[in-house]
Amino acid sequence: MSLILGPAPHTMQQGDTGAFMRQVVYATGPGLAVLTWIFGWGTLINVLWAVIVAVAVEALVLTMRGRDVRFFLSDWSVVVTGLLLGLSLPPTSPWWLTLVGVAFAVIVAKHLYGGLGMNPFNPAMVGYALLLVSFPVAMTAWIAPFDVPTFSESVALFLGQASPDAFSGATPLDTFRTWAGDAQALAGHDILHGRIAGRGWEWVNAAFLLGGLYLLARRIINWHIPAGFLAGLALPALAFWLVDDVRYADPLFHLFGGGTMLGAFFIATDPVSAATSNQGRLIYGALIGVLIWVIRSFGGYPDAVAFAVLLMNLAAPTLDYYTRPRTYGHDKPDRGIG
Amino acid sequence: MLSLLRGKREPIHDFPGGIHPPENKARSTAAPIRPGPLPHELVLPLNMHVGAPARPVVALDETVLKGQLIAESQGRISAPVHAPTSGRITAIEDRPVQHPSGMTATCIVLEPDGREAWAELEYRPDWAATDPAALLEQVRHSGLAGLGGAGFPTAVKADPGEDTRIEQLIINAAECEPYITADDRLMRERSPGIIRGIRMLAHLLRPDEILVGIEDNKPEAIQALRSAAEGTDIEIRVVPTRYPSGGEKQLIQLLTGKEVPAGDLPARVGVICQNVATAYGIYRYLEHGEPLLSRITTVTGDAVSHPGNYEVLVGTPVKDLLACAGLDADRLGKLVTGGPMMGFTLPEPAAPVVKTSTCLIASTPEELPEPPPEQPCIRCGACAEVCPANLLPQQLYWYAKNDEFERAQQHNLMDCIECGACAYVCPSHIPLVQYYQYAKGEIRNQEAETAKADRARQRFEARQERIERQKAEKEARRRERREAQRRKQEAAPSGDDGTRSDAAVQASATSAGGGSAASGGSDGSGSGNGDDESRADERARRMKQLKVTYNKANKQWKQAQAAFNKAQRDGADNLDQLSANVDKLRTRADEARAELDALVQEAKTDVEAATGRDLKTLKKEATDAELAARRKAKEVQAAREAGATEQAQSLEREHEQLRQDADDKAAWLKRVMEEQGMKEDE
Amino acid sequence: MTILTAIIALLALAAVFGALLGYASEKLKVEGDPVVDQIDAILPQTQCGQCGHPGCRPYAEAIAAGEEHNKCPPGGEQTIQELSDLLGRDFLPLDEEHGEEDVKRVAYIREDECIGCTKCIQACPVDAIIGAAQKMHTVIEDECTGCDLCVEPCPVDCIDMVPVEETLESWHRERPPGVGGRPETYIPVENLA
Ligand code: SF4
Ligand code: SF4
């Protein structure tokens, strides 16, 4: 017989990183469904393709790095990366666009930094930013809500055999940015006047909010980042909207427009690249929110989740440094350079 | 207002974090406390407590009585050891002890005789009337040491120092670790004794408040304590069940809201915390005179058929206790001592139960399974949320993993209480605590090394200084003497004697490397250079001379030194003169020695040239041969004594060979040296 | 005109700052050479001379004067790293010429072979060997730095450098095997009833 020797503790909670990541995958379900309902099959195809590419590239890179492929795939993190990127891409994206984005995200943003846990930037957003900068036209071509292409049209778009021009229409954020300051034009655009916010997009965001609340309830994420994020976006929006409601969009429009909820609950909460102390997370989220509002209101891009998140990824270590909690038995927190 | 606050029975404070692991306590609380086995030997480590190990005061084969002192404490932080039963001391030797490394430590081994004959006990039923200081002295001899598992000598803890006012005496009855129920059962069955023990502690410490902290998962124990404490000023405070509420620092925080400053003791904030079992031990000691001979240990886990609490004699080997509890060895996976959160796996079941053994878990592999392999940290922060010390375990992990110990210390690694809450919740199954233990150990060893380096630096500098000083002194003396000589010369310019001796001194003063003329016999150095033979001869002659000079000077110097010392002791008045004489002779000896050394060096070089080996190798070979021969001789001797004649004979033959070899080598060495004009120098 | 003003302003500024710097360097001057002290504090104080200097302090002075900081085998990588951090120099691998990093050792004198020649006492840089002429010598283990200097002079080769043994106090858990590994080990146990 033999005795097992091992370090304390000798008992552990159920669950592992894979389960944790799978919860995230499930929580995107409502959002994905609504996206498909409003914008057609394109998003679903994108997501499937992105996940397949992500897993394949990950397996390839792991093999090249001489790692145990099955073990590292079992953490499901690459599935989440692919999924989030797929969800962010326009439903008209051709296959190569997704391929380039996902491959870049996995190879450069993740593995070149040492793999899961070591990447300073959110890989999905790195991929997204690369695509946005390199292929701005393809990346901003969205379909007008409820103006859904058929399945075969979607497949044709995916295969690059059809031009997205036939379907594309501006998003609410885009429209507002174009006509901001012109009260008449704003009133004239139907897309800006949905039930809560921009047409179609309000439901997408509501669905992601639902998924996010599920994650909160399952304690997969904690409230600091989303709360900070939403407050950081809504408060300046509210203040400026009160001052000038023609030039600036109202807070609900911001909260339920574009990638807000996806960003707040799924992207900014990626634990690897976010701040880790609770206080730090609150600040991190809030600053992302503010940055998004600033870029949406004054910047050159209609939406800004990716850039805001990446910028704050840069700031996360510093935030961590300055927001360390006070350790038991110490008079004050040990912060700052030292 | 104050009384209103006092009246409040529930804790009004909280500690951050904490977890709720499955308790698994029910199966060991069912049965009452049972007596443990009487094994065929008891193994008593000298270091069952924190601090200096005790020193044995018994001899081998001595018969001891139950309760007799067998090892006394050494130093302030230490605790004595008593014989848990009567019997005979069969060994004092290294035995495996309860330590995660499986290493051994010195233990006293006692063979029980089964008579249970008690030594004479000294008890103090009048403790309430005794002066606390005297009582404390008494407690020092009780052998009690933190029965909750920490093992800090109780008497040391109960002595916070004259000027420390104790506001709260906290009795730790939380028992927050899963599986362990020893304190629970003790409180259910022996509450009156516990309460008396607490009152004794209070008598020693004179606190403003006495609080007993107990988790709300032990209703029977709470009931028993409450009724026993009726009418005293002891408050039973029930705290919610949450691991690690029983950690000393956490319990203090829960009950008083105070935090123990980092790196300090609770007494600093006016709190003393003692375990319930310790309180009970004090009661047994003061009212019945019994030192710590046994303790209540929970034996549980799926691999034993009679889980429960056993009153075990200290020193009982773990395997005997397990056998008594019905161990099914085939099902055993991990054998954990202490709780499943902070305990460690025992590599050696022969190790004894000690004063700090709260619990033994004989688990099956399904019960406490192996964790899955470590996955990368995803910085989810689950660990930070449960850390009771408010640390950032994910950062500590990062630094410990990369050996960035300084950063880890900046993140207060040293304040980690190793409770394991972080590792319990980590979804990536990272053995976080092991990383911290590794880093802490490295840091401690590095600190020890730095301290040693500092000491080495001091010693090195002191030595350097000494050598400098000696050199300077010598130089000064030499100069002085030359000065004196010159003056003398000037005073008597025609003195024949003076000139000659002056020349001699001059010569030897400068002769360290050169071979110039010296007193006794001059030689045109290097005159016989052409011929090796004559050169060696010449050198031999010169060496002999120098040796004589040296030996004479050395002897004279030593005599002079002795005379000087004696004079100094007697307080004679010609000290200066004597001292000058000593110095003169010593210089002469030194100089002869220096020249001699130079010649030996030269000879050594020639040896090498002649034999192709350096002298050292030759010598080493000779010594090795000699040693081998001697060793063999010893073996022969041993074999003879053991009566193995045949073996002795064959060994004898081998010895003869070796002897021969050694003699040959020695002879050769001698010849070589003689050839080169060297005698065995010392 | 403007150019003139600019030049004058710059000159004035230069003068002011120069004066300030001069004043500061006078006022804040530190006695001794703290860099050497700091370097010396990092060096392991083995005093073995493997770096080519007669002790740690001289080597510290040499490093301060610009010598490479990778010549100390007893200190090993750790020391090099610390020195790099202190001096802002690049990390260099240990210079193998001066020896390799080894486990910690202390000298041990096989006492029944010792002839009491005192040669080792003279060699020991930290006075860690005690004994008198013709009497057997012994090493104070706690003070021995493991420098090796006493081994060579011994005429009967009775000094061994033995690895420092782990004690219950110095033992600590090893670093876990890392991502993908399990910290568990199995040990066979026979002596269980
Ligand atoms: S719980 Fe584990 S995975 Fe999560 S941050 Fe802490 S160490 Fe990393
Ligand atoms: S083991 Fe240390 S770091 Fe982990 S939860 Fe406990 S105190 Fe905090």
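The numbers here are math on the coordinates, done by the rules we state, and not lab data. Since we're looking at a predicted model, the values are computed, not measured. Cβ sites come from the backbone with ideal geometry, for glycine too, and all protein chains shown count toward neighbours.
Data table
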| item | result |
| --- | --- |
| The stretch A:150-286, relative contact order [Cα under 8 Å, separation at least 6], % | 28 percent |
| Sequence-distant aspartates and glutamates (8 or more away, or on other chains) whose Cα lies within less than 13 Å of A:K332 | B:E259 |
| Highest-first arrangement of A:278-291, A:254-267, B:257-270, where packing means the average Cβ count within 10 Å | A:254-267, A:278-291, B:257-270 |
| C-alpha long axis of helix B:432-491 to longest principal axis of chain B, angle in ° | 30 degrees |
| Cα-based helix-to-principal-axis angle, C:2-27 vs chain C, degrees rounded to 10 | 40 degrees |
| Relative contact order (percent, whole number), chain B, Cα cutoff 8 Å, 6+ residue spacing | 12 percent |
| Counting DSSP beta bridges with both ends in the protein assembly as shown, the antiparallel % (nearest 5) | 65 percent |
| Between 0 and 90°, nearest 10: helix B:496-510 axis offset from chain B longest Cα axis | 50 degrees |
| Burial order of peptide ranges B:394-403, B:407-416 (average beta-carbon count within 10 Å, highest first) | B:394-403, B:407-416 |
| Karplus-derived HN-Hα couplings along the stretch A:240-246 (A = 6.51, B = -1.76, C = 1.60, θ = phi - 60°), whole Hz, x at Gly and Pro | 6, 5, 4, 6, 8, 7, 9 |
| Inverse of mean 1/r across different Cα pairs in the stretch A:253-323, Kirkwood, Å | 12.1 Å |
| Which listed pairs, of B:K218/B:K249; B:K249/B:K401; B:K66/B:K355, have C-alpha distances above 25 Å, in listed order | B:K249/B:K401 |
| Residues of type aspartates and glutamates that B:K488 reaches as a straight line, Cα spacing below 13 Å, ignoring anything fewer than 8 places off in the same chain | B:E480, B:D496, B:D497, B:D502 |
| Cross-link pairs beyond the 26 Å C-alpha cut-off, checked among B:K334/C:K104; B:K632/B:K670; B:K670/C:K119; B:K25/B:K258; B:K604/C:K71; B:K157/B:K258 | B:K334/C:K104; B:K25/B:K258; B:K604/C:K71 |
| Residues whose placed amide H lies under 5 Å from that of B:V239, excluding near-sequence neighbours | B:I214, B:E215, B:D216 |
| Shielding by partners, peptide B:422-435 (average Cβ within 10 angstrom, other chains) | 6 |
| Whole-angstrom gap from the stretch B:188-236 to the stretch B:416-481, using each part's C-alpha centre | 46 Å |
| Cβ-derived FRET efficiency at R0 41 Å, B:D403 paired with A:R219, nearest 0.05 | 0.80 |
| GNM result for chain C, Cα springs below 10 Å: residue of C:L87, C:L28, C:L13 fluctuating most strongly | C:L13 |
| Highest-MSF residue in chain C out of C:G18, C:G178, C:G131 [GNM, Cα springs under 10 Å] | C:G178 |
| 3J(HN,Hα) from dihedral phi, the stretch B:60-74, Karplus parametrisation 6.51/-1.76/1.60, rounded to Hz, x for glycine, proline | 4, 6, 6, 8, 10, 9, 4, x, 6, 5, 10, 8, 9, 6, 10 |
| Fraction of beta bridges assigned by DSSP in the stretch B:215-370 that are antiparallel (%, nearest 5) | 75 percent |
| Average partner coverage of B:363-371, which counts Cβ from other chains inside 10 Å | 4 |
| Sorted by Cβ density within 10 Å, fewest first, the residues B:K619, A:K110, B:K319, B:K634 | B:K634, B:K619, B:K319, A:K110 |
| C-alpha center-to-center spacing [the stretch B:100-150, the stretch C:114-173] in angstrom | 40 Å |
| For the stretch A:89-134 and the stretch A:205-238, distance of Cα centres in Å | 24 Å |
| Shape call, chain A: gyration tensor on alpha carbons, a/c limit 1.5 | oblate |
| By average C-beta atoms within 10 angstrom, highest first, the peptides C:138-151, B:638-651, A:145-158 | C:138-151, A:145-158, B:638-651 |
